[in-house]
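Novice: Shown below is the structure under consideration.
The values are calculated or read from the model by the stated rules, or taken from the named source; none is laboratory data. From a predicted model like this one, the values you see are computed outputs, not experimental measurements. Neighbour counts run over all protein chains shown; Cβ positions are idealised from the backbone, glycine included.
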Amino acid sequence: MKRAVEVYHESPENLEKRIRQIDKKRMDYYHFFEKKEPLWTEHFDLCINTGKLGINAAVQSICGVYRSMISPAE
């Protein structure tokens with residue numbers, strides 16, 4: 001929520017409502033195309049909480065996973 005206020009200039013007063021709207025749209029989209037309910041972490045190969053990790057550390061993590069996928073350690 002802090003990032004949404006700082007980066008996207010969302011109003012703190014309306015932020016919870018806005019997040020619920022966005023989550024609903026994401027869920028509807030996902031359900032329409034994937035025919036699965038609900039969104040669980042086991043549906044994904046990689047899940048990162050940028051709120052805890054931070055954007056830069058998340059990017060580094062993603063790059064590390066990608067590198068390990070294209071040239072796995074033997």
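Novice: If you go through region 3-15 one residue at a time, how many are surrounded by 10 or more Cβ atoms within 10 Å (Cβ to Cβ) and more than 28 Å from V65 (Cα to Cα)?
Specialist: Number satisfying all stated conditions: 6.
Novice: For region 1-58, which fully contained helices (runs of 4 or more DSSP H) count at least 1 residues that are touching a residue at least 40 places away in the same chain (Cβ under 8 Å)?
Specialist: In region 1-58, the matching helices (runs of 4 or more DSSP H) lie at 2-8, 50-53.
Novice: Would you confirm whether any residue within region 29-39 is closer than 14 Å to M1 by Cα, assigned by TED's automatic domain parsing to the domain that holds A4 and surrounded by 13 or more Cβ atoms within 10 Å (Cβ to Cβ)?
Specialist: The answer is no, given that none of the residues of region 29-39 is closer than 14 Å to M1 by Cα, assigned by TED's automatic domain parsing to the domain that holds A4 and surrounded by 13 or more Cβ atoms within 10 Å (Cβ to Cβ).
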